[in-house]
Amino acid sequence: MSVAGVDWPEPGGAAEVIPLARGVALPSHVEVSDGTDLLVRLVLAEYAEKLKVQPGHRVEVLWGGPTGGRSLPAEVTEVRSDPELRWVLQITGPAEASQRRQSVRARVELPVVARCGTVLITGQTVDLSEAGARVWFDGWGLQPPPGTPIDVTLELGDGTFNAAGEVVRVEPRGPRWLISMKFPELTEQEQDRLRRRVFEALRLERLRQAD
């Protein structure tokens, strides 16, 4: 027997929609799902519109199921702008477990101020997603072990962004440390701010590649 949340994403939940011809994961909210069709509202409509997805395009849908990540194949059957961007998707195959990372990551250099314990440090991001970042810092004292709290302030371009982070790993590179960190407690609004900055970086990268 098919089960909502396992065999297809539940209404009211979050999902990532990946147009296979574009290879970019787009955050969305599932508004309707019945095991045959999905109606999703794209969170970053301005960026999604630039991808020019049309009926007939194939996509992959990813979501968090009760026991881990799930994914299923689908096809776009309708694109609506009324006024928010929505896609109607027809499910074309069975769902399966997915280990694919759902966070979209982009290479972007942003100034960072961080506090790790009693130490105040400055650095620069290497890449960024709504789930975390990798940041160059000048090394100090003992390397912080995984799980160490690290509070960061990023300059996103539309203002400062504060996040309570957590060290995932530290990679020493001479006198510098490349620290991977995650942001486990962001609100949906805070994640959307980071996504907008990430998608802006991806858009600029595509323009550079097209020149």
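What follows is calculated from the coordinates using simple rules that are stated; it is not laboratory data. Nothing here was measured: the structure is a model prediction, and the numbers come from that model. So basically every Cβ, Gly included, is an ideal-geometry build from the backbone, and we count neighbours across all protein chains shown.
Here are the numbers for this structure:
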item: Ratio of Rg to Rh over the stretch 35-194 (Cα coordinates, Kirkwood Rh, two decimals); result: 1.07
item: Between the stretch 152-175 and the stretch 63-133, the alpha-carbon center distance in angstrom; result: 18
item: Local net charge near PRO55, Cβ-Cβ under 9 Å (Lys/Arg +1, Asp/Glu -1); result: -2
item: FRET efficiency, 1/(1 + (r/R0)^6) with R0 35 Å, evaluated for VAL168 and SER81 via beta carbons; result: 0.35
item: Rg/Rh (Cα only; Kirkwood hydrodynamic radius) as it applies to the stretch 14-97; result: 0.93
item: Table column - 3J(HN,Hα) (Hz), the stretch 21-36, Karplus curve with 6.51, -1.76, 1.60, x for Gly and Pro; result: 7, 10, x, 10, 7, 10, x, 8, 10, 7, 9, 9, 8, 9, x, 10
item: Dimensionless Rg over Rh [the stretch 106-205; C-alpha; Kirkwood]; result: 0.95
item: Degrees, to the nearest 10: 188-210 long Cα axis against longest axis of the chain; result: 90
item: Helical mean residue ellipticity (222 nm; -39500 (n - 2.57) per DSSP H run of 4+; nearest 500) of the chain; result: -4500 deg cm²/dmol
item: Furthest towards positive pole of dipole, PRO144, ALA114, ALA164, structure part the stretch 106-205, Cβ charges; result: PRO144
